[in-house]
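Q: Sharing a structure here in structure tokens format.
Derivation of every value follows stated rules applied to the coordinates shown; laboratory data play no part. Predicted model only: the values in this text are computed from it and were never measured. When we count neighbours, we look across all protein chains shown, and the Cβ atoms used for this are built from the backbone with ideal geometry, even at glycine.
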Amino acid sequence: MKRISFAILMLISLAVVQAKTDLPEQSVIVPGFNEQVARERLLDSDLQPLEGIWYYPNEDMTIAIERWQPEPSHKIGYRLLLVASDDLELLPGTVIGYIEASAVDSKYHLWLYSERNKVTLCGPMECVATLNKDATSLTFDPPHWEVKVRVNFARFLPSLFKGISVIPDVEKEKLPVGFRKIFPADGNGNKFNKVRYL
């Protein structure tokens, strides 16, 4: 019974998230999209700090972030399009996620499709993304699911467990997951994060 109620609760929360954000349930593919098209689109527009071509090292893919406004809603402001990837099943122009501004200038709502059905992505996962001051990196922390169960055996067998103590684990610092901007170039004509030798 608990499993059924948990599954129903998860489905309701998923439906509420999708209704609230107006996200498509599955990714779409923008035909004819490639790096050259992305650069032309970006150069022809008044760029916002979030817009550009980014490298996603965790998935070894290059993506473009561009302004986008869906027809029925004006909440979502950007979409993430795949430019290039080592995974040949994903086509250039595949929308891999969406971004929405928040009340804080450097914080954004980020939805990335986290499930896959061959070439179609589905199951948007929500997290908070942070844009640094230079607008050269966008980091996020994907949600983590942890279930902890504690059983106090000492309560049942007090004489056996008098000498046992519990020491909590120390969590190690983890590098943030995120994107590095590679286009547009900085004022010297160099790509971001590249050393310029004089």
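Q: Place the peptides 86-99, 24-37, 122-135 in order of packing, highest mean first, counting for every residue the other Cβ atoms within 10 Å and averaging per peptide.
A: On the way: 86-99: 17.6, 24-37: 13.9, 122-135: 15.8.
Most protected by this proxy first, the peptides run 86-99, 122-135, 24-37.
Q: Distance in nm between label sites at Val28 and Glu89, each 7 Å beyond Cα in the beta-carbon direction?
A: Result for the modelled spin labels: 2.4 nm.
Q: How much net charge surrounds Glu59 when only other residues with a Cβ under 11 Å from its Cβ are counted (Lys, Arg +1; Asp, Glu -1)?
A: Working: positive: none; negative: Asp60, Asp86, Asp87.
So the environment of Glu59 carries a net charge of -3.
Q: Test of understanding: what is the full-extension gain from Asp44 to Gln69, defined as 0.36 nm times their sequence separation minus their Cα-Cα distance? Please report the intermediate quantities before stating the final value.
A: Numbers: separation 25, 0.36 × 25 = 9.00 nm, distance 1.73 nm.
That works out to 7.3 nm of additional length.
Q: Can you tell me the length gained on complete extension of the stretch Val128 to Lys174, counting 0.36 nm per residue apart and subtracting the Cα distance?
A: Once the chain is fully extended between Val128 and Lys174, it gains 14.9 nm.
Q: Still on this structure, I have one more. Over the Cα atoms of region 58-128, what is the Rg over Rh ratio if Rh follows Kirkwood?
A: Radius of gyration over Kirkwood radius for region 58-128 works out to 0.98.
Q: Tell me the net charge near Asp46. Cut-off is 15 Å between Cβ atoms, Asp46 excluded, with +1 for each Lys or Arg and -1 for each Asp or Glu.
A: -2
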